[in-house]
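In what follows, a single structure is set out as C-alpha cells and then discussed.
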Amino acid sequence: MGELESDKHVEYILSIEKKKDDFDALLMEHLRINGAYWGLTTLDILHKISAVDPDEVISWVMKCYHDDCGGFGGNIGHDPHILNTLSAVQILALFDRINVLDAEMVSNYIAGLQNEDGSFSGDMWGEIDTRFSYCAICCLSILHRLNKINVEKAVNYIVSCKNLDGGFGCTPGGESHAGQSMLFRGEQDSALAITGSLHHVDRDLLGWWLCERQCNDGGPNDGGLNGRPEKLVDVCYSWWVLSSLIMIDRVHWIDKDKLTRFILNCQDKENGGISDRADDAVDVFHTYFGVAGLSLMEYPGLKSIDPAYALPVDVVNRIFFGK
C-alpha cells in the first residue's frame, strides 16, 4: 500500500510561500487565504504547524480584513467574501488567536448576507449557494454567535435543496453533488450537524448515494471517490464524502483500504504534495483533502480532524470546551 510521505508534504507546503511570483501562484492569487487554510491545516494534522511563524501568518491574514464591513478578502486588497471569511476565522482558530478579531463586526457581516428565504449570498453581488450556508453557520458557530441569524430558516433552505436520490444540490432543484451533501466540505451535512438538524436527513438513502461514489476500475485510481455519477474520481472527495458518511454513521459502507491506497497512490513521492488523481500535478488543495481524508480514516500518526468544522479535533475542543 505504501506510506504517507509526511516529511515531503511538509516541505512541499512550506515551499509554496517561497514561490509567490510563479505563474501557478499568480493564477491562485485570489484564493490565497483559502490556500493558507488548506496548507496550515495540513501542517497541523501532520503535527508540523510549529514550522511557521504564527505572528507572521496572523499579520498577513488581518491585512485581508475589511474593517468597513467585517469580511475578509482572498488576498490583500481583494473584495470580501464569505468563503474567505471562513478561511480567515479557521486560520485564526488554528493558532488560538480569534481574540484579534472584532467578532461582533465579522458576525454582523455574515448575518447581513442571509436572505429572506434563509439562504446566504457569498458577497454583495448576491450569488447563492448552499456552500455559503455552511460557511455562515460554521463561522458563526466558531465565533459563538449563531444567534445572529435565523437558524430555522437557514436549515429549511438547506433541506429544500434535498433531492429524491438523498443527495443535495447547490440550490433547490440542483443536481446532487458530494461536495454539497457535506456542504463545501460535505457542507449540507456539516451545516445540519452543527445546528443539530441531521434528523432532516434520510441517512440510509444519502449513505447509499454517497457510498456509490466509490469507483472500482481496477486501475491506479481504483477505490477513489467521485462527486457525481459518471464523473472521474478525485482525491478531494475523500474528504467530502467521508465526512458526510461519518456524520450520518455510514462510513463502514465504503472500502477504507481501497480509498487509503488510492490517496497514497496520488502522492508525489519525490517532491511532496498530493494530486487529484494518480500521476497528475500536485497542489495544496488536494494535499489538504488527501491528508484530511486519511485523518478521517484514522491513518497512523495523524491528528484527528473534525468532520463538521474541518479543523483538528483539539482545536475544536479548545474553541468550545476550553481544552
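The values are calculated or read from the model by the stated rules, or taken from the named source; none is laboratory data. Just so you know, these numbers come straight off a predicted model, no measurement behind them. Cβ coordinates were reconstructed from backbone atoms using ideal geometry, including for glycine residues, and neighbour counts include every protein chain displayed. Quick note on the areas: whole protein, heavy atoms, side chains included, nothing else; ligands and nucleic acids left out. Shrake-Rupley method; radii C 1.70, N 1.55, O 1.52, S 1.80 Å.
Annotations
- Each principal axis of the Cα cloud of the range 178-323 was evaluated for its coordinate range; sorted largest first, these ranges are 40, 35, 22 Å.
- The string of couplings for the range 296-312 from the Karplus curve (6.51, -1.76, 1.60, θ = phi - 60°) is 4, 8, 6, 5, x, x, 9, 5, 6, 10, 7, x, 8, 8, 6, 9, x Hz, one whole number per residue in order, with x for Gly and Pro.
- Signed unit charges on C-beta, dipole axis of the chain, positive-most listed residue Tyr109, Thr171, Ile248: Ile248
- Quarter of the Cα convex hull surface for the chain, i.e. its orientation-mean projected area (nm²): 15.4
- Once all protein chains are placed together, Asp53 keeps about 80 Å² accessible to a 1.4 angstrom probe.
- The chain - mean residue ellipticity at 222 nm from DSSP helices (-39,500 (n - 2.57) per run, n ≥ 4, rounded to 500): -13500 deg cm²/dmol
- Ranking by accessible area, most exposed first, for His286, His199 with a 1.4 Å probe: His199, His286
- Remark: the Arg277-Lys19 segment gains 90.5 nm on full extension, using 0.36 nm per residue and subtracting the alpha carbon distance.
- Qualifying trypsin sites (Lys or Arg not before Pro) in the range 86-174, DSSP loop, other Cβ atoms within 10 Å at most 16: Arg97
- Sequence of Leu205, Leu46 when ordered by accessible area, the most exposed leading, probe 1.4 angstrom: Leu205, Leu46
- Taken as Cα centroids, the range 116-164 and the range 277-319 sit 24 Å apart, rounded to the nearest whole angstrom.
- Residue order for Ser133, Ser50 - accessible surface, 1.4 angstrom probe, largest first: Ser50, Ser133
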